[in-house]
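Beneath this line is the structure, given in structure tokens, with notes to follow.
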Amino acid sequence: MGGAAGRAGGLRKVVAGESRISSIDGERGVLAYAGIDIHALAEQSGFEEVVFLLHEGRLPTRLELLGLRAELAGARSVPAPVVALLRGLPGGTHPMTALRTAVSALGAFDPDAGDDSGPARRRQARRLVAQMATLVALVDRLRRREEPVEPEPALSHAANFLYMLEGARPLPTADRAMDVAFVLHADHEFNASTFAARVAASTLADMHGAITAAIATLKGPLHGGANEAVMQALETVGSPERAEGFVREAMAAKRKIMGFGHAVYRTEDPRATHLRRLAKRLGEEGGDGRWYAISERIEQVVRAEKGLYPNVDFYSASAYHVLGIPTDLFTPVFAASRVAGWTAHVLEQLGNNKLIRPESDYVGPRDVPYVPLDARS
Ligand code: COA
């Protein structure tokens, strides 16, 4: 990695390693998981199938899919001490902080803790995928002072997540919308949180440690935290008529409009295409089209004025809101899906490991004499 790349900032356009998990063509707006276009996956597959695809590099047979569904359904519970730990966190703890803490603690209780064999790592990867959605629902119920809802093995991963969150079976439209959102967020090449997971894994740290690093990295508003910021903006705007003024004001103040722009896509983020559709349909069917209408108007103005396209976070905000998901749970929901990709990347990294250790371009002073403490002014 040359100095020029470093000076360009943020490692943009630097190829940091090989991967067979997902690919992005930022100019054409293409995302594919193991070579399969995201549009086909969003329209035809489900989250469990995508987990298999990301972990194994190919689609499962019917039997393999049944096997994975059963394994995930059987691994959804989390140990009682982890539930107790979550109960003990102070009120007002951000759900991402709670999730990060819980995943770190899960590592201590994992039946394969300390076993770094390939099969053990794969079991841990699948277990973490199964448990992350449970943790997100738990974090929310416990802070609402409601008792946890036991997972329902007959439900799909997405439907079970909504069930554990609400305590009621989701409507089929909500169930499918959640499933598609999980499919769309499951992997995205060397994004910041995935890269953090790979860096941690490359030191031969354990699976839970690598996923904890990923959650910590996803929390920031320039990454996964943007969907939460988008919803706050939609609430501030309040009505489609006020959208234009909001955008103009933000632009005049040189404030970024959350949910727009992307480090890699120079055209529409293909995930936004599906999330826009989902947000619209959920709004229409749920009888509250206001959030979609505000989002649509903001998009029109930002496109016209700045030429920026919405990213994955923009329409996921209005879609999740209509699904009844609290705003500060949006990023944890992202994590509940992205754990599929994170774990796939950790497995891939460990399959052919080399410590990730770049160099910095030192731009500070050189040959500076040491001044003893007493002689400093
Ligand atoms: N709102 C307003 N202007 C934006 C913008 C946004 N959301 N995103 C980028 N821009 C502008 C920048 O101000 C910059 O303008 P300039 O050249 O006049 O200074 C130009 O577009 C390039 O932006 P830059 O931040 O350098 O692009 P990047 O590739 O480094 O950043 C993001 C990508 C995602 C960090 C950036 O678009 C952003 O902060 N978006 C908002 C947060 C967000 O939605 N994150 C989720 C990403 S999936």
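Values in this text are rule-based calculations from the coordinates and carry no lab data. What you see is a predicted model; the values in this text were computed from it and never measured. No Cβ is skipped: glycine too gets one built from the backbone with ideal geometry, and neighbour counts run over all protein chains shown.
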Expressed as a whole number of Å, what is the distance separating the alpha-carbon centroids of segment 31-47 and segment 130-164? 25
Contour excess over end-to-end distance, with Cα ends at residue 363 and residue 267 and 0.36 nm allotted per residue: 31.1 nm
Phi-derived 3J(HN,Hα) across segment 227-238 with the Karplus relation (6.51, -1.76, 1.60, θ = phi - 60°), rounded Hz, x for Gly and Pro, is 5, 5, 5, 5, 5, 4, 5, 4, 5, 4, 5, x
Could you bin all the Cα-Cα distances of segment 242-377 into 10 Å bins starting at 0 and give me the percent of pairs in each, rounded to whole numbers? 10, 26, 25, 15, 13, 8, 3, 0
For segment 236-308, how big is Rg over Rh, using alpha carbon atoms and the Kirkwood form of Rh? 0.98
Listed residue (226, 45, 279) projecting farthest to the positive dipole end of the chain, Cβ model: 226
Non-local residues with an amide H under 5 Å from the amide H of residue 220, with H modelled 1.01 Å from N and Pro and chain starts lacking one, are 225
Can you give the Kirkwood hydrodynamic radius of segment 276-350 from its Cα pairs, in Å with one decimal? 13.9
Neighbourhood charge, 12 Å Cβ-Cβ cut-off, centred on residue 19 and excluding it, Lys, Arg +1 and Asp, Glu -1: -2
Provide the net charge surrounding residue 170, with neighbours chosen by a C-beta distance below 12 Å and charges set as Lys +1, Arg +1, Asp -1, Glu -1. -2
Sort 76-82, 276-282 by the packing proxy (mean of other Cβ within 10 Å over each peptide's residues), most packed first. 276-282, 76-82
For residue 152 and residue 13, compute 0.36 nm times the residue count separating them, minus their Cα-Cα distance, and round to one decimal in nm. 45.6 nm
State the three equivalent ellipsoid semi-axes of the chain, derived from the C-alpha gyration tensor as the square roots of 5 times its eigenvalues, in descending order and whole Å. 31, 29, 22
Zero-based 10 Å bins, Cα pair distances in segment 75-211, whole percents: 11, 38, 38, 13, 0
Under a Cβ-Cβ cut-off of 12 Å, what is the net charge of the residues other than residue 228 that fall near it, where Lys and Arg count +1 and Asp and Glu count -1? -2
Hey, which of these cross-link pairs are over 27 Å Cα-Cα: 280/306; 219/254; 254/280? 254/280
Could you calculate, for segment 177-252, the ratio of the Cα radius of gyration to the Kirkwood radius, expressed as Rg to Rh? 1.15
At a threshold of 8 angstrom on Cα-Cα distance, excluding pairs fewer than six apart, so keeping six or more, what relative contact order does segment 90-208 reach in percent? 24
For peptides 129-137, 259-267, sequence by mean Cβ density within 10 Å, most packed first: 129-137, 259-267
